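In what follows, a structure is listed as C-alpha coordinates, so that the remarks can point back to it.
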(Lines give C-alpha, C1' and ligand atoms only; values in the text may rest on other atoms or scores of the structure.)
Protein backbone atom coordinates (compact mmCIF):
# COMPACT_ATOMS: atom_id res chain seq x y z
CA UNK A 1 0.00 0.00 0.00
CA UNK A 2 2.67 2.49 0.99
CA UNK A 3 4.54 2.03 -2.28
CA UNK A 4 1.62 3.22 -4.39
CA UNK A 5 1.47 6.83 -5.49
CA UNK A 6 -1.16 8.79 -3.61
CA UNK A 7 -3.89 10.63 -5.48
CA UNK A 8 -6.52 13.07 -4.22
CA UNK A 9 -9.82 12.45 -6.02
CA UNK A 10 -12.63 15.01 -5.88
CA UNK A 11 -15.76 12.99 -5.21
CA UNK A 12 -19.24 14.51 -5.32
CA UNK A 13 -21.00 11.16 -5.32
CA UNK A 14 -22.35 11.77 -8.81
CA UNK A 15 -21.92 9.71 -11.94
CA UNK A 16 -18.88 11.57 -13.26
CA UNK A 17 -16.73 11.73 -10.12
CA UNK A 18 -17.54 8.12 -9.23
CA UNK A 19 -16.33 7.03 -12.66
CA UNK A 20 -13.16 9.09 -12.17
CA UNK A 21 -12.53 7.38 -8.83
CA UNK A 22 -12.84 3.99 -10.54
CA UNK A 23 -10.40 5.13 -13.23
CA UNK A 24 -7.84 6.28 -10.64
CA UNK A 25 -8.25 2.96 -8.83
CA UNK A 26 -7.65 1.09 -12.10
CA UNK A 27 -4.37 3.04 -12.40
CA UNK A 28 -3.38 1.62 -9.02
CA UNK A 29 -3.26 4.89 -7.07
CA UNK A 30 -3.58 4.97 -3.30
CA UNK A 31 -6.92 6.84 -3.12
CA UNK A 32 -7.78 9.88 -0.98
CA UNK A 33 -11.33 11.01 -1.69
CA UNK A 34 -12.39 14.59 -0.98
CA UNK A 35 -16.00 15.75 -0.79
CA UNK A 36 -17.55 19.05 0.27
CA UNK A 37 -20.58 20.07 2.27
CA UNK A 38 -20.91 23.48 0.66
CA UNK A 39 -24.48 24.44 1.28
CA UNK A 40 -25.75 22.49 -1.72
CA UNK A 41 -29.47 21.83 -1.91
CA UNK A 42 -28.98 18.14 -2.42
CA UNK A 43 -27.20 16.54 0.53
CA UNK A 44 -28.17 13.12 -0.80
CA UNK A 45 -25.06 13.31 -2.98
CA UNK A 46 -22.86 13.27 0.13
CA UNK A 47 -24.54 10.05 1.23
CA UNK A 48 -23.74 8.68 -2.21
CA UNK A 49 -20.14 9.86 -1.88
CA UNK A 50 -19.76 7.98 1.42
CA UNK A 51 -21.13 4.76 -0.07
CA UNK A 52 -18.97 5.05 -3.17
CA UNK A 53 -15.81 5.79 -1.15
CA UNK A 54 -16.44 2.76 1.03
CA UNK A 55 -17.22 0.48 -1.89
CA UNK A 56 -14.07 1.60 -3.74
CA UNK A 57 -11.91 1.02 -0.62
CA UNK A 58 -10.36 4.48 -0.50
CA UNK A 59 -7.62 4.95 2.10
CA UNK A 60 -9.27 8.07 3.52
CA UNK A 61 -12.43 10.04 2.74
CA UNK A 62 -12.58 13.63 3.98
CA UNK A 63 -15.74 15.73 3.82
CA UNK A 64 -14.75 19.38 4.12
CA UNK A 65 -17.30 21.89 5.38
CA UNK A 66 -17.37 25.13 3.47
CA UNK A 67 -20.31 27.41 3.16
CA UNK A 68 -20.57 28.92 -0.30
CA UNK A 69 -24.05 30.22 0.54
CA UNK A 70 -22.28 33.12 2.23
CA UNK A 71 -21.78 34.64 -1.19
CA UNK A 72 -25.01 33.55 -2.91
CA UNK A 73 -25.12 33.59 -6.68
CA UNK A 74 -26.12 30.07 -7.79
CA UNK A 75 -29.23 27.95 -8.12
CA UNK A 76 -27.30 25.11 -6.46
CA UNK A 77 -26.81 27.02 -3.23
CA UNK A 78 -29.08 30.06 -3.19
CA UNK A 79 -32.76 30.80 -3.55
CA UNK A 80 -32.73 30.59 -7.33
CA UNK A 81 -34.99 27.99 -8.94
CA UNK A 82 -33.24 24.98 -10.52
CA UNK A 83 -34.47 25.01 -14.15
CA UNK A 84 -36.35 21.95 -15.42
CA UNK A 85 -36.91 20.83 -18.98
CA UNK A 86 -38.90 18.28 -20.92
CA UNK A 87 -35.91 16.92 -22.82
CA UNK A 88 -32.20 17.32 -23.23
CA UNK A 89 -32.82 19.28 -26.44
CA UNK A 90 -34.29 22.06 -24.32
CA UNK A 91 -31.10 22.64 -22.35
CA UNK A 92 -30.15 26.27 -22.65
CA UNK A 93 -26.82 27.26 -24.11
CA UNK A 94 -24.42 29.58 -22.30
CA UNK A 95 -23.51 29.46 -18.62
CA UNK A 96 -26.36 27.89 -16.62
CA UNK A 97 -27.78 29.34 -13.39
CA UNK A 98 -26.57 26.20 -11.62
CA UNK A 99 -23.00 27.47 -12.10
CA UNK A 100 -21.47 28.07 -8.66
CA UNK A 101 -18.98 30.97 -8.70
CA UNK A 102 -15.39 29.73 -8.52
CA UNK A 103 -16.51 26.34 -7.22
CA UNK A 104 -13.93 24.22 -8.97
CA UNK A 105 -11.23 26.73 -8.01
CA UNK A 106 -12.20 26.38 -4.37
CA UNK A 107 -12.45 22.58 -4.60
CA UNK A 108 -9.09 22.28 -6.36
CA UNK A 109 -7.49 24.61 -3.79
CA UNK A 110 -8.52 22.27 -0.99
CA UNK A 111 -7.33 19.29 -3.01
CA UNK A 112 -4.01 21.07 -3.50
CA UNK A 113 -3.65 21.64 0.26
CA UNK A 114 -4.33 17.98 1.01
CA UNK A 115 -2.06 16.81 -1.80
CA UNK A 116 0.79 18.85 -0.39
CA UNK A 117 0.33 17.44 3.12
CA UNK A 118 0.11 13.88 1.71
CA UNK A 119 3.09 14.37 -0.59
CA UNK A 120 0.82 13.57 -3.55
CA UNK A 121 1.39 15.03 -7.02
CA UNK A 122 -1.86 13.80 -8.54
CA UNK A 123 -5.37 15.22 -8.31
CA UNK A 124 -8.33 13.74 -10.20
CA UNK A 125 -11.43 15.74 -11.09
CA UNK A 126 -14.42 14.74 -13.17
CA UNK A 127 -14.84 17.90 -15.22
CA UNK A 128 -16.35 17.52 -18.65
CA UNK A 129 -16.04 20.05 -21.45
CA UNK A 130 -18.72 18.54 -23.71
CA UNK A 131 -21.89 18.10 -21.70
CA UNK A 132 -21.05 21.04 -19.44
CA UNK A 133 -19.56 23.43 -21.95
CA UNK A 134 -21.36 26.25 -20.15
CA UNK A 135 -19.15 26.00 -17.05
CA UNK A 136 -15.94 28.00 -17.54
CA UNK A 137 -14.07 26.03 -14.88
CA UNK A 138 -14.58 22.74 -16.74
CA UNK A 139 -12.37 23.66 -19.70
CA UNK A 140 -8.85 22.36 -20.41
CA UNK A 141 -7.33 25.86 -20.52
CA UNK A 142 -8.66 26.54 -17.03
CA UNK A 143 -7.23 23.30 -15.67
CA UNK A 144 -3.83 24.06 -17.21
CA UNK A 145 -3.81 27.54 -15.66
CA UNK A 146 -4.62 26.02 -12.27
CA UNK A 147 -1.69 23.59 -12.60
CA UNK A 148 0.70 26.43 -13.46
CA UNK A 149 -0.51 28.46 -10.49
CA UNK A 150 -0.20 25.44 -8.17
CA UNK A 151 3.45 24.88 -8.95
CA UNK A 152 4.13 28.42 -7.76
CA UNK A 153 1.82 28.17 -4.74
CA UNK A 154 3.21 25.36 -2.65
CA UNK A 155 6.32 24.61 -0.68
CA UNK A 156 6.53 21.27 -2.48
CA UNK A 157 6.16 22.93 -5.88
CA UNK A 158 8.79 25.59 -5.15
CA UNK A 159 11.23 23.06 -3.76
CA UNK A 160 10.79 21.11 -6.99
CA UNK A 161 9.74 17.74 -5.63
CA UNK A 162 6.07 18.07 -6.50
CA UNK A 163 4.93 19.00 -9.97
CA UNK A 164 1.19 18.86 -9.76
CA UNK A 165 -0.80 16.98 -12.36
CA UNK A 166 -4.55 17.50 -12.48
CA UNK A 167 -6.08 14.49 -14.20
CA UNK A 168 -9.30 15.14 -16.09
CA UNK A 169 -9.97 11.78 -17.73
CA UNK A 170 -13.57 12.64 -18.65
CA UNK A 171 -12.91 16.03 -20.15
CA UNK A 172 -13.54 15.02 -23.77
CA UNK A 173 -15.93 12.12 -23.17
CA UNK A 174 -19.66 12.01 -23.86
CA UNK A 175 -21.95 10.95 -21.03
CA UNK A 176 -22.50 7.62 -22.81
CA UNK A 177 -18.74 7.02 -23.00
CA UNK A 178 -18.43 7.85 -19.30
CA UNK A 179 -21.13 5.32 -18.42
CA UNK A 180 -19.53 2.66 -20.59
CA UNK A 181 -16.12 3.32 -19.02
CA UNK A 182 -17.57 3.07 -15.53
CA UNK A 183 -19.48 -0.13 -16.25
CA UNK A 184 -16.30 -1.68 -17.69
CA UNK A 185 -14.58 -0.86 -14.38
CA UNK A 186 -17.38 -2.34 -12.30
CA UNK A 187 -18.94 0.90 -11.03
CA UNK A 188 -22.27 0.41 -9.27
CA UNK A 189 -24.20 3.43 -10.54
CA UNK A 190 -27.07 2.61 -8.18
CA UNK A 191 -24.88 4.14 -5.45
CA UNK A 192 -24.46 7.45 -7.26
CA UNK A 193 -26.65 10.52 -7.34
CA UNK A 194 -26.80 13.22 -10.01
CA UNK A 195 -29.98 15.24 -9.54
CA UNK A 196 -29.76 18.99 -8.81
CA UNK A 197 -33.19 19.02 -7.15
CA UNK A 198 -34.04 15.64 -5.61
CA UNK A 199 -37.16 15.25 -3.50
CA UNK A 200 -37.09 14.79 0.27
CA UNK A 201 -36.34 11.09 -0.04
CA UNK A 202 -33.44 11.80 -2.42
CA UNK A 203 -35.20 10.63 -5.58
CA UNK A 204 -34.12 12.42 -8.76
CA UNK A 205 -36.50 14.91 -10.37
CA UNK A 206 -35.82 13.59 -13.86
CA UNK A 207 -36.10 17.06 -15.37
CA UNK A 208 -33.06 19.11 -14.34
CA UNK A 209 -30.01 19.45 -16.61
CA UNK A 210 -28.09 16.82 -14.70
CA UNK A 211 -30.92 14.24 -14.72
CA UNK A 212 -31.48 14.77 -18.44
CA UNK A 213 -27.79 14.38 -19.30
CA UNK A 214 -27.58 11.25 -17.18
CA UNK A 215 -30.67 9.79 -18.83
CA UNK A 216 -29.25 10.57 -22.26
CA UNK A 217 -26.00 8.81 -21.36
CA UNK A 218 -27.74 5.65 -20.26
CA UNK A 219 -30.14 5.75 -23.23
CA UNK A 220 -27.22 5.92 -25.66
CA UNK A 221 -25.55 2.92 -24.05
CA UNK A 222 -28.82 0.99 -24.25
CA UNK A 223 -28.69 0.25 -20.53
CA UNK A 224 -31.26 1.04 -17.88
CA UNK A 225 -29.98 3.39 -15.15
CA UNK A 226 -29.75 1.14 -12.05
CA UNK A 227 -30.59 4.15 -9.87
CA UNK A 228 -34.03 4.37 -11.48
CA UNK A 229 -34.60 0.63 -11.15
CA UNK A 230 -33.74 0.63 -7.48
CA UNK A 231 -35.99 3.61 -6.93
CA UNK A 232 -38.91 2.16 -8.82
CA UNK A 233 -38.67 -0.92 -6.67
CA UNK A 234 -38.57 1.07 -3.44
CA UNK A 235 -41.37 3.46 -4.36
CA UNK B 1 -21.91 54.52 -2.38
CA UNK B 2 -23.27 52.51 -5.28
CA UNK B 3 -21.09 54.37 -7.78
CA UNK B 4 -17.85 53.26 -6.14
CA UNK B 5 -16.02 50.21 -7.44
CA UNK B 6 -16.34 47.26 -5.10
CA UNK B 7 -13.25 45.53 -3.75
CA UNK B 8 -12.89 42.34 -1.74
CA UNK B 9 -10.17 42.77 0.90
CA UNK B 10 -8.72 39.75 2.70
CA UNK B 11 -8.58 40.75 6.36
CA UNK B 12 -6.87 38.63 8.99
CA UNK B 13 -6.93 41.36 11.63
CA UNK B 14 -3.14 41.57 11.60
CA UNK B 15 -0.93 44.55 10.93
CA UNK B 16 -0.46 43.87 7.21
CA UNK B 17 -4.06 43.21 6.15
CA UNK B 18 -5.33 46.11 8.25
CA UNK B 19 -2.92 48.43 6.48
CA UNK B 20 -4.10 47.06 3.13
CA UNK B 21 -7.71 47.75 4.07
CA UNK B 22 -6.79 51.35 4.88
CA UNK B 23 -5.00 51.64 1.52
CA UNK B 24 -8.05 50.32 -0.36
CA UNK B 25 -10.24 52.77 1.55
CA UNK B 26 -7.91 55.61 0.61
CA UNK B 27 -8.43 54.63 -3.05
CA UNK B 28 -12.18 55.11 -2.50
CA UNK B 29 -13.28 51.52 -3.03
CA UNK B 30 -16.54 50.19 -1.65
CA UNK B 31 -15.07 47.70 0.86
CA UNK B 32 -16.04 44.03 1.34
CA UNK B 33 -13.82 42.44 3.99
CA UNK B 34 -13.31 38.68 4.07
CA UNK B 35 -11.90 36.78 7.04
CA UNK B 36 -11.58 33.07 7.76
CA UNK B 37 -12.06 30.87 10.77
CA UNK B 38 -9.75 28.13 9.54
CA UNK B 39 -8.76 26.28 12.65
CA UNK B 40 -6.03 28.76 13.50
CA UNK B 41 -4.64 28.62 17.01
CA UNK B 42 -5.11 32.31 17.54
CA UNK B 43 -8.77 33.26 17.30
CA UNK B 44 -7.95 36.63 18.84
CA UNK B 45 -7.08 37.77 15.32
CA UNK B 46 -10.72 37.33 14.28
CA UNK B 47 -11.78 39.62 17.11
CA UNK B 48 -9.26 42.12 15.78
CA UNK B 49 -10.66 41.68 12.25
CA UNK B 50 -14.16 42.50 13.47
CA UNK B 51 -13.01 45.65 15.26
CA UNK B 52 -10.95 46.79 12.29
CA UNK B 53 -13.78 46.16 9.81
CA UNK B 54 -16.16 48.19 11.94
CA UNK B 55 -13.73 51.02 12.50
CA UNK B 56 -12.98 51.21 8.75
CA UNK B 57 -16.72 51.26 7.89
CA UNK B 58 -16.66 48.34 5.47
CA UNK B 59 -19.93 47.69 3.62
CA UNK B 60 -19.92 44.02 4.58
CA UNK B 61 -17.62 41.75 6.61
CA UNK B 62 -17.93 38.01 6.02
CA UNK B 63 -16.16 35.43 8.17
CA UNK B 64 -16.02 32.16 6.25
CA UNK B 65 -15.69 28.91 8.16
CA UNK B 66 -13.22 26.47 6.66
CA UNK B 67 -11.36 23.81 8.53
CA UNK B 68 -7.82 23.43 7.27
CA UNK B 69 -7.01 21.22 10.27
CA UNK B 70 -8.58 18.40 8.28
CA UNK B 71 -5.37 18.13 6.35
CA UNK B 72 -2.85 18.98 9.08
CA UNK B 73 0.59 20.10 8.03
CA UNK B 74 1.23 23.48 9.70
CA UNK B 75 2.22 24.88 13.08
CA UNK B 76 -0.61 27.42 12.70
CA UNK B 77 -3.31 24.77 12.62
CA UNK B 78 -1.85 21.44 13.75
CA UNK B 79 -0.01 20.06 16.73
CA UNK B 80 3.35 21.43 15.66
CA UNK B 81 5.07 23.87 18.02
CA UNK B 82 5.23 27.51 16.89
CA UNK B 83 8.96 28.35 16.93
CA UNK B 84 10.14 31.16 19.18
CA UNK B 85 13.34 33.18 18.98
CA UNK B 86 15.30 35.72 20.99
CA UNK B 87 15.63 38.18 18.13
CA UNK B 88 14.72 38.73 14.52
CA UNK B 89 18.27 37.77 13.52
CA UNK B 90 17.47 34.22 14.62
CA UNK B 91 14.62 33.79 12.13
CA UNK B 92 15.30 30.73 10.08
CA UNK B 93 15.62 30.98 6.34
CA UNK B 94 13.60 28.78 3.99
CA UNK B 95 9.93 27.94 4.31
CA UNK B 96 8.83 28.17 7.97
CA UNK B 97 6.74 25.51 9.74
CA UNK B 98 4.03 28.15 10.15
CA UNK B 99 3.41 27.88 6.40
CA UNK B 100 -0.14 26.59 5.87
CA UNK B 101 -0.40 24.44 2.72
CA UNK B 102 -2.15 26.30 -0.10
CA UNK B 103 -3.63 28.81 2.35
CA UNK B 104 -3.48 31.88 0.14
CA UNK B 105 -4.79 29.83 -2.79
CA UNK B 106 -7.82 28.83 -0.72
CA UNK B 107 -8.30 32.37 0.61
CA UNK B 108 -8.03 33.91 -2.86
CA UNK B 109 -10.44 31.30 -4.27
CA UNK B 110 -13.09 32.38 -1.77
CA UNK B 111 -12.35 36.03 -2.55
CA UNK B 112 -12.75 35.22 -6.24
CA UNK B 113 -16.16 33.62 -5.63
CA UNK B 114 -17.36 36.63 -3.67
CA UNK B 115 -15.92 39.08 -6.19
CA UNK B 116 -17.82 37.36 -8.98
CA UNK B 117 -21.11 37.50 -7.08
CA UNK B 118 -20.53 41.18 -6.21
CA UNK B 119 -19.45 42.06 -9.73
CA UNK B 120 -16.11 43.22 -8.32
CA UNK B 121 -12.87 43.07 -10.30
CA UNK B 122 -10.56 43.98 -7.46
CA UNK B 123 -9.15 41.86 -4.65
CA UNK B 124 -6.67 43.18 -2.08
CA UNK B 125 -4.29 40.92 -0.16
CA UNK B 126 -1.50 41.84 2.24
CA UNK B 127 1.18 39.46 1.03
CA UNK B 128 4.74 40.54 1.49
CA UNK B 129 7.69 39.13 -0.40
CA UNK B 130 10.41 40.65 1.81
CA UNK B 131 9.67 39.76 5.41
CA UNK B 132 7.93 36.53 4.41
CA UNK B 133 10.17 35.40 1.59
CA UNK B 134 9.79 31.85 2.90
CA UNK B 135 6.13 31.60 1.88
CA UNK B 136 5.82 30.59 -1.77
CA UNK B 137 2.30 31.98 -2.06
CA UNK B 138 3.46 35.48 -1.14
CA UNK B 139 5.55 36.01 -4.30
CA UNK B 140 4.59 38.20 -7.29
CA UNK B 141 4.87 35.30 -9.77
CA UNK B 142 2.37 33.32 -7.74
CA UNK B 143 -0.10 36.23 -7.63
CA UNK B 144 0.20 36.72 -11.41
CA UNK B 145 -0.45 33.01 -12.03
CA UNK B 146 -3.55 33.20 -9.83
CA UNK B 147 -4.84 36.19 -11.82
CA UNK B 148 -4.35 34.33 -15.11
CA UNK B 149 -6.16 31.28 -13.75
CA UNK B 150 -9.00 33.43 -12.41
CA UNK B 151 -9.78 34.99 -15.77
CA UNK B 152 -10.36 31.48 -17.14
CA UNK B 153 -12.28 30.28 -14.07
CA UNK B 154 -15.29 32.52 -13.85
CA UNK B 155 -18.39 33.29 -15.84
CA UNK B 156 -17.56 36.98 -15.52
CA UNK B 157 -14.00 36.42 -16.72
CA UNK B 158 -15.06 34.29 -19.68
CA UNK B 159 -17.76 36.73 -20.69
CA UNK B 160 -15.10 39.43 -20.67
CA UNK B 161 -16.65 41.92 -18.27
CA UNK B 162 -14.42 41.10 -15.32
CA UNK B 163 -10.67 41.07 -15.61
CA UNK B 164 -9.51 40.31 -12.13
CA UNK B 165 -6.82 42.43 -10.52
CA UNK B 166 -5.21 41.20 -7.33
CA UNK B 167 -3.73 44.19 -5.55
CA UNK B 168 -0.67 43.48 -3.38
CA UNK B 169 0.32 46.96 -2.25
CA UNK B 170 2.67 45.67 0.49
CA UNK B 171 4.51 43.13 -1.61
CA UNK B 172 7.82 45.04 -1.79
CA UNK B 173 7.52 47.03 1.43
CA UNK B 174 9.51 46.55 4.63
CA UNK B 175 7.57 46.20 7.87
CA UNK B 176 8.67 49.71 8.85
CA UNK B 177 7.32 51.12 5.57
CA UNK B 178 4.03 49.29 6.14
CA UNK B 179 3.69 50.77 9.63
CA UNK B 180 4.51 54.26 8.33
CA UNK B 181 1.96 53.89 5.52
CA UNK B 182 -0.72 52.74 7.95
CA UNK B 183 -0.04 55.52 10.44
CA UNK B 184 -0.24 58.07 7.62
CA UNK B 185 -3.70 56.68 6.79
CA UNK B 186 -4.86 56.80 10.40
CA UNK B 187 -4.74 53.08 11.19
CA UNK B 188 -5.20 52.27 14.87
CA UNK B 189 -2.71 49.45 15.32
CA UNK B 190 -3.95 48.86 18.85
CA UNK B 191 -6.89 47.09 17.23
CA UNK B 192 -4.70 44.64 15.29
CA UNK B 193 -3.16 41.37 16.32
CA UNK B 194 -0.13 39.66 14.81
CA UNK B 195 1.06 36.95 17.22
CA UNK B 196 1.11 33.30 16.08
CA UNK B 197 0.88 32.03 19.65
CA UNK B 198 -0.92 34.50 21.93
CA UNK B 199 -1.75 33.56 25.51
CA UNK B 200 -5.26 32.82 26.72
CA UNK B 201 -6.07 36.50 27.07
CA UNK B 202 -4.85 37.19 23.54
CA UNK B 203 -1.59 38.89 24.54
CA UNK B 204 1.28 38.46 22.07
CA UNK B 205 4.15 36.12 22.98
CA UNK B 206 6.78 38.57 21.73
CA UNK B 207 8.98 35.75 20.46
CA UNK B 208 7.35 34.19 17.38
CA UNK B 209 8.37 35.20 13.84
CA UNK B 210 5.35 37.45 13.49
CA UNK B 211 5.86 39.26 16.83
CA UNK B 212 9.55 39.80 16.07
CA UNK B 213 8.88 41.21 12.60
CA UNK B 214 6.22 43.52 14.00
CA UNK B 215 8.55 44.71 16.75
CA UNK B 216 11.29 45.35 14.19
CA UNK B 217 8.88 47.37 12.06
CA UNK B 218 7.87 49.61 14.94
CA UNK B 219 11.47 49.91 16.19
CA UNK B 220 12.61 51.13 12.77
CA UNK B 221 9.92 53.78 12.66
CA UNK B 222 10.88 54.93 16.16
CA UNK B 223 7.31 54.51 17.36
CA UNK B 224 6.03 52.40 20.23
CA UNK B 225 3.61 49.68 19.17
CA UNK B 226 0.25 50.86 20.58
CA UNK B 227 -0.77 47.22 21.05
CA UNK B 228 1.99 46.77 23.65
CA UNK B 229 1.10 50.01 25.39
CA UNK B 230 -2.54 49.09 25.68
CA UNK B 231 -1.61 45.67 27.01
CA UNK B 232 0.86 46.96 29.54
CA UNK B 233 -1.81 49.23 30.88
CA UNK B 234 -4.36 46.43 31.17
CA UNK B 235 -2.01 43.91 32.72
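The values are calculated or read from the model by the stated rules, or taken from the named source; none is laboratory data. Just so it is clear, the model here is predicted, and its values are computed rather than measured. We place every Cβ from the backbone using ideal geometry, glycine too, and count neighbours over all the protein chains shown.
Quick notes on this structure:
- Residue tally, condition touching a residue at least 40 places away in the same chain (Cβ under 8 Å), touching a strand residue (DSSP E or B) at 6+ places or on another chain (Cβ under 9 Å) and outside any loop (DSSP other than H, G, I, E, B), over segment B:1-59: 17
- Residue count for segment A:152-190, restricted to those that are within 8 Å of chain B (Cβ to nearest Cβ) and part of a helix (DSSP H, G or I): 5.
- All positions within segment B:191-213 that are more than 16 Å from the chain's Cα centre (by Cα) and outside any loop (DSSP other than H, G, I, E, B): B:208, B:212
- When the criteria are applied in full, residue B:162 meets the requirement of being under 24 Å from residue B:5 (Cα atoms), buried (at least 18 other Cβ atoms within 10 Å of the Cβ) and modelled with pLDDT under 90.
- Residues (modelled with pLDDT under 95 and surrounded by fewer than 19 Cβ atoms within 10 Å (Cβ to Cβ)) located in segment B:9-37: B:37
- Residues satisfying the stated conditions in segment B:49-61, i.e. farther than 21 Å from residue B:176 by Cβ and buried (at least 19 other Cβ atoms within 10 Å of the Cβ): B:49, B:53, B:56, B:58
- Note on segment A:101-126: among residues that are in a loop (DSSP other than H, G, I, E, B) and surrounded by fewer than 24 Cβ atoms within 10 Å (Cβ to Cβ), the one that is farthest from the other protein chains (Cβ to nearest Cβ) is A:121.
- Within segment A:127-145, considering residues that are out of contact with any strand residue (DSSP E or B) (no Cβ under 6 Å at 6 or more places or on another chain) and in a helix (DSSP H, G or I), the one nearest to residue A:67 (Cα to Cα): A:137
- The one condition in (1) surrounded by fewer than 22 Cβ atoms within 10 Å (Cβ to Cβ); (2) at pLDDT below 85; (3) facing chain A (nearest Cβ under 10 Å) that residue B:88 fails to fulfil: (3)
- Looking across segment A:49-69 at every residue that is in contact with a helix residue (DSSP H, G or I) (Cβ under 6 Å, 6 or more places away or on another chain) and away from chain B (no Cβ under 14 Å), the one that is farthest from residue A:187 (Cα to Cα) is identified as A:51.
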